[in-house]
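Everything below concerns the one structure shown next.
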Amino acid sequence: MALFRLRQSARFLGTFLFLVCLTAHMGYAQQKDVVPSNQQWIQYYNQTKLSKQWTWMTDGGFRWRDQMRHPAQYVVRTGLGYRLHENIRVAAGMAHLGSYTNDRLRRIEWRPYQEIQSSHTYGRIDVVHRFRAEQRFLKTLALAEAPATHSFNHRLRYRLMVTVPLLKLSARRPYPKLVLDVGDELFINLGRNIVYTVFDQNRLLIGPTLQLHENLDLALTYNHQFASTTTPGRYNRDGILWLGVRHKLDLTR
């Protein structure tokens, strides 16, 4: 059974990587202009176990661009997860975001979401698949020369994360230890008004995570993000340094 599941995962991974490469190739084939930039993100993640099945999940963070000289975005998100099986969790919640242009808050967003996550271990390697659906309610704030505008679209996300152990830093204790996270996340927009941005973005993720304790991790991730814009043939390519603090609490103990 384990071998069958491993083969299934391998076939699925191969198909996914093929689609990612095809999407990226199509994007580059159509592009006329790619704008490079850099961003710096910091984010705190909390998972609080309420019962054997229920988990309360909250995260919040801030993002800058150009070596932290300019604000880019803030994000706050919360939701509830329910464990259907030892390896499968479903969740739903709400996110609130604000995006900046020229150092001014220019757009706010309310984003309900639903997701399913599947986790598996193959030997010492952990593999996590996450499918997320989002409903994006966006408001562009009014300026002196332009009124406020509203828009809405659906977005689908698929993320694959693989965690590989690297090094134990204590000979006597299981923690702290160092692992390597490698993954990819693909974003697809859906909606009547979506014309040039069906492919929204792709994130290639890699970086070390220091697991200080079973309930506390520090992750430093490099995110190579390639994203479409509303201008045909124009794309953004961002090199992002992402610092994440992951914290777990267990109220059932």
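The values are calculated or read from the model by the stated rules, or taken from the named source; none is laboratory data. Nothing here was measured: the structure is a model prediction, and the numbers come from that model. Note that each Cβ is placed from the backbone with ideal geometry, even for glycine, and that neighbours are counted across all protein chains shown. Remember, those area values only see protein heavy atoms, side chains included, never the ligands or the DNA or RNA. Shrake-Rupley method; radii C 1.70, N 1.55, O 1.52, S 1.80 Å.
Suppose we keep only residues that are touching a residue at least 12 places away in the same chain (Cβ under 8 Å) and farther than 18 Å from GLY244 by Cα within the range 176-194. Which one would you say is surrounded by the fewest Cβ atoms within 10 Å (Cβ to Cβ)? Among them, the one singled out is ASN193.
What number of residues in the range 139-170 are of a type in the set (Ser, Thr, Tyr), touching a residue at least 24 places away in the same chain (Cβ under 8 Å) and out of contact with any Asp or Glu (no Cβ under 9 Å at 6 or more places or on another chain)?
Of the residues in that region, 2 qualify.
Within the option set LEU204, LEU251, being surrounded by 13 or more Cβ atoms within 10 Å (Cβ to Cβ) and aliphatic (A, V, I, L, M) holds for one residue only, LEU204. Using the structure shown, decide if ARG65 is at pLDDT 95 or above, closer than 28 Å to PHE199 by Cβ, open to solvent by less than 50 Å² (accessible area, probe 1.4 Å) and among the basic types (Lys, Arg). No, not satisfied. Scanning the range 121-129 turns up no residue that is part of a strand (DSSP E or B), polar (S, T, N, Q), touching a Leu at 6+ places or on another chain (Cβ under 9 Å) and open to solvent by 40 Å² or more (accessible area, probe 1.4 Å). Within the range 68-100, being in a strand (DSSP E or B) and modelled with pLDDT under 95 holds for one residue alone: HIS85.
Does MET26 satisfy the criteria of being open to solvent by 90 Å² or more (accessible area, probe 1.4 Å), at pLDDT below 55 and of a type in the set (A, V, I, L, M)? For MET26, the condition - open to solvent by 90 Å² or more (accessible area, probe 1.4 Å), at pLDDT below 55 and of a type in the set (A, V, I, L, M) - is met. Restricting the first member to the range 219-245 and to residues that are within 21 Å of ASP33 (Cα to Cα), and the second to residues that are among the hydrophobic types (A, V, I, L, M, F, W, C) and not in a strand (DSSP E or B), the beta-carbon pairs closer than 9 Å and six or more apart or on different chains are PHE226/ALA24; SER228/VAL198; THR230/VAL195; PRO232/VAL195.
Of the strands (runs of 3 or more DSSP E) lying entirely inside the range 131-240, those carrying at least 2 residues that are polar (S, T, N, Q) and modelled with pLDDT of 90 or more are 149-168, 199-213, 216-228.
Conditions tested, residue by residue: (1) closer than 22 Å to ILE206 by Cβ; (2) under 18 Å from the mean Cα position of the chain (by Cα).
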residue: SER151; (1), (2): no, no
residue: HIS154; (1), (2): no, yes
residue: TYR175; (1), (2): no, no
residue: LEU178; (1), (2): yes, no
residue: GLU185; (1), (2): yes, yes
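Checked against (1) modelled with pLDDT under 95; (2) more than 21 Å from ASP184 (Cα to Cα), PHE18 passes all but a single condition, namely (2).
Condition (residue is of a type in the set (Phe, Trp, Tyr) and over 29 Å from LEU218 (Cβ atoms)) applied to the range 94-116: is it met by at least one residue? Checked against the condition, which is being of a type in the set (Phe, Trp, Tyr) and over 29 Å from LEU218 (Cβ atoms), the range 94-116 yields at least one hit.
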